[in-house]
1. Please identify, among L144, L249, L203, the residue showing maximal mean-square fluctuation in a Gaussian network model of the chain using a 10 angstrom Cα cutoff.
2. Once both axes come from the Cα atoms, what is the angle between helix 235-251 and the longest principal axis of the chain, in degrees from 0 to 90, rounded to 10?
3. Hey, what do the phi angles of region 116-130 turn into as Karplus ³J(HN,Hα) couplings, whole Hz, using 6.51/-1.76/1.60 and θ = phi - 60°, x for Gly and Pro?
4. Would you work out the Kirkwood radius for region 91-222? I mean one over the mean of 1/r across all pairs of different Cα atoms, in Å.
5. What percent does the relative contact order of the chain come to when contacts are Cα pairs within less than 8 Å and at least six residues apart?
6. Give a residue-ordered list of calculated ³J(HN,Hα) values for region 147-161 (Karplus: 6.51 cos²θ - 1.76 cosθ + 1.60, θ = phi - 60°; whole Hz; x for Gly, Pro).
7. Angle check, please: helix 177-191 long axis (alpha carbons) against the longest principal axis of the chain (alpha carbons), in degrees 0 to 90, nearest 10.
8. Neighbouring Cβ atoms within 10 Å as the yardstick, rank C197, C98 fewest first.
Amino acid sequence: MGSEPKDAERGGDEAIIVRDAGARGPYVIVCEHASSVIPPEYDGLGLDPETALGHIGWDINAVDVASRVARALDAPLVTAPVSRLVIDLNRPEVCCECIPARSEDVPVPGNADLTAQAREERLARWHRPFHDGLGALLDRRAALGLATFLVGIHSFTPVYAGVARPWGAGVLYRASRAQGERVARSMAEASGEKVGCNQPYDLWKHSNHTIPFHGDGRGLPAVIVEIRNDLLATKAGIARWADMTVQALRACSSEPFNPDDRDALLHVRA
């Protein structure tokens with residue numbers, strides 16, 4: 001589990017992996033936190049290797065869910081081959097969390113006191129090519145007249161900062177409120193778990209890049225599915241939550257999407 005998707009296409013860029021780029025289903029699946037790999041030239045960022053393999057380095061087993069979901073939906077799968085400790089591709093360039101000097105309560109020595117040049121090198125090597133590649137894929141689909149529902153797949157920890165998280169999963173969104181709430185309802189009904197809307201992270205309050213930039217910015221329906229990582233600790237758990245995600249996404253395909261709905265765009269959950 002947690003390996004690079006099979007049949008992945010790296011193309012000419014090290015920063016992005018695209019599998020089944022020509023798939024014509026109405027979804028594109030993205031997993032920015034698919035890998036815990038820190039390239040050797042970063043010297044482990046000064047971290048103990050075991051620490052870097054934990055949740056601070058990647059979304060544990062999210063890529064395995066994403067792979068199953070993409071195959072079931074005949075969807076392209078876009079993943080990154082590098083740890084979010086090197087660069088967090090789901091944060092804007094200007095966000096301090098894009099190259100985190102601290103992750104949760106863990107200092108990241110290799111990211112502390114980066115020079116402007118070192119920061120620019122990270123962005124130019126990893127962040128921009130990834131998003132340029134994802135943007136190009138979405139633009140090609142638009143040119144072909146293919147409908148696209150953009151879906152991010154992530155996982156989260158059962159406890160954060162000493163506080164237990166009661167959700168088995170969460171669905172995050174901004175403009176795609178109708179789709180997000182429908183996906184959450186479907187997953188809750190299928191799983192028997194509590195499934196949060198804009199939980200455990202609220203996209204209106206937390207820095208995020210892929211959904212606002214590539215989804216809302218293009219007028220595409222777009223959500224993130226977050227699954228608690230202890231529920232993905234076995235192959236059976238991965239398969240179960242992947243299948244429920246597929247069913248939930250299919251269930252919401254009839255929901256109308258209006259990217260010019262100001263109420264949705266201005267909606268903030270308490």
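What follows draws every value from the coordinates through simple rules; no lab data is involved. Predicted model, so just to flag it, every value in this text is computed and none were measured. Glycine gets a Cβ as well: all are built from the backbone with ideal geometry, and neighbour counts include every protein chain shown.
1. L144
2. 50
3. Ordered by residue, 3J(HN,Hα) equals 4, 5, 5, 5, 4, 5, 5, 4, 5, 7, 10, 5, 5, x, 4 Hz.
4. Numbers: mean 1/r = 0.0591 Å⁻¹.
16.9 Å is the Kirkwood radius here.
5. So the answer I get is 21 percent.
6. Each residue of region 147-161 in turn: 5, 9, 10, 8, 10, x, 10, 9, 10, 9, 7, x, 9, 9, 6 Hz.
7. Computed tilt is about 90 degrees.
8. On the way: C197 17, C98 22.
Ascending Cβ contact count within 10 Å gives the list C197, C98.
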